[in-house]
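Q: I'd like to ask you about the structure that follows.
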Amino acid sequence: IVLQNHSLDKVAVTYGYLNHINRVFDNAPAQYDWDSDSHLLNVAYAGSKYGTLTAYDYLLDFDKPSQAAFNNSCQTYGLSFVGSAPVTDTVKATYRLEYATQSDYGSSTLNYSSDYYVAELGAATKAYALSAGYEVLGSDHGAAGTGFKTPLATLHAFNGWADKFLGTPDAGLTDLYLKASATLPAGFTAAAQYHLFGTTNGATDIGSETDLQLTYKYDARLSFTAKTALYAARETKPVAGSTAAHQDTDKFWLQADYSF
């Protein structure tokens, strides 16, 4: 159930209630779909010419069939500011700031409190964009702690396309990154990212990753994408709470998209 109110001047209020989570994983016992009693509240103010200020409150409570579902229950409160400002007639500065705090909630059997923050600054023209940022998903008690949780996130879009950090390591995660994109002639667009990963507690270097993507738009309906993720591990031992982050991994995709 999603309710939205756009009647307030430059203020958008969104409320959502989730009673079931259909997950993308297979039928492994820990990955079944989750029952849910979750409330989402998002209030965005777009009254500033410099960007949009958003406050949110996400109360996620998951039940059965596994302990994994219980312990992804959490309450998260946060603020974000995203926007841009002109520098010249053709160049604008882009920026993003966000902070959130999270703790256990509902069915969770954990007892933790973790923070999240990110700062990103960039520049963009009509055809090109470049940005650098630093993102931190915190942990409460070091290597034996509980990392900041993002159980409903589109995880592939963040922290590298090699999918090494679909779950936050127990010691937290830092991501120092550089991103670039370009609109090229003849219907091509390109994107590149570079990440340096570490832990928030102990400052351990985990690995680095280079991501590259080239897309060709054939017409209004059909496009083709080639994409790669090259992850180089720096930590030689398993990192608790991560997905084999101590192992080098290369991935490659060829994709065709057709819009009806």
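Q: Does segment 192-200 include one or more residues that are at pLDDT below 95, more than 20 Å from LYS251 (Cβ to Cβ) and in a loop (DSSP other than H, G, I, E, B)?
A: yes
Q: Then there's this: In segment 190-214, which residues are more than 17 Å from GLN247 (Cα to Cα) and either open to solvent by less than 60 Å² (accessible area, probe 1.4 Å) or touching a Gly at 6+ places or on another chain (Cβ under 7 Å) (or both)?
A: Passing the criteria: ALA190, ALA191, ALA192, GLN193, THR200, ASN201, GLY202, GLN213.
Q: Then there's this: Exactly one of (1) open to solvent by less than 60 Å² (accessible area, probe 1.4 Å); (2) among the hydrophobic types (A, V, I, L, M, F, W, C); (3) in a strand (DSSP E or B); (4) farther than 19 Å from ASN42 by Cβ is unmet by LEU121. Its number?
A: (1)
So that you can scan it fast, the table gives a plain yes or no per residue for (1) farther than 19 Å from PHE62 by Cα; (2) without any contact (Cβ under 8 Å) to a residue 12 or more places away in the chain; (3) open to solvent by 50 Å² or more (accessible area, probe 1.4 Å):
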{"site": "SER73", "(1), (2), (3)": "no, no, no"}
{"site": "THR76", "(1), (2), (3)": "no, no, no"}
{"site": "LEU79", "(1), (2), (3)": "yes, no, yes"}
{"site": "GLY83", "(1), (2), (3)": "yes, no, no"}
{"site": "ASP89", "(1), (2), (3)": "yes, yes, yes"}
{"site": "TYR99", "(1), (2), (3)": "yes, no, yes"}
{"site": "TYR112", "(1), (2), (3)": "no, no, no"}
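Q: Given (1) over 24 Å from SER114 (Cβ atoms); (2) at pLDDT 95 or above, where does THR76 come up short, assuming only one miss?
A: Only one criterion is unmet by THR76, namely (1).
Q: Being at pLDDT below 95 and assigned to a strand (DSSP E or B) is the filter here; which residues of segment 201-214 pass it?
A: Those that are at pLDDT below 95 and assigned to a strand (DSSP E or B): ASP205, ILE206, GLY207.
Q: Also: Is it the case that LYS164 is crowded, with 16+ Cβ neighbours inside 10 Å and touching a Cys at 6+ places or on another chain (Cβ under 6 Å)?
A: Spelling it out, it is not the case that LYS164 is crowded, with 16+ Cβ neighbours inside 10 Å and touching a Cys at 6+ places or on another chain (Cβ under 6 Å).
Q: Can you tell me which residue in segment 215-239 is farthest from LEU173 (Cα to Cα), limited to those that are open to solvent by 60 Å² or more (accessible area, probe 1.4 Å) and assigned to a strand (DSSP E or B)?
A: Going through the qualifying residues, I end up with LYS217.
The values are calculated or read from the model by the stated rules, or taken from the named source; none is laboratory data. Bear in mind the structure is a predicted one, so any value in this text is a computation, not a measurement. Here the Cβ is made from the backbone with ideal geometry for all residues, glycine too, and neighbour counts use every protein chain on show. Heavy atoms of the whole protein, side chains included, go into the accessibility calculation; ligands, DNA and RNA do not. Shrake-Rupley method; radii C 1.70, N 1.55, O 1.52, S 1.80 Å.
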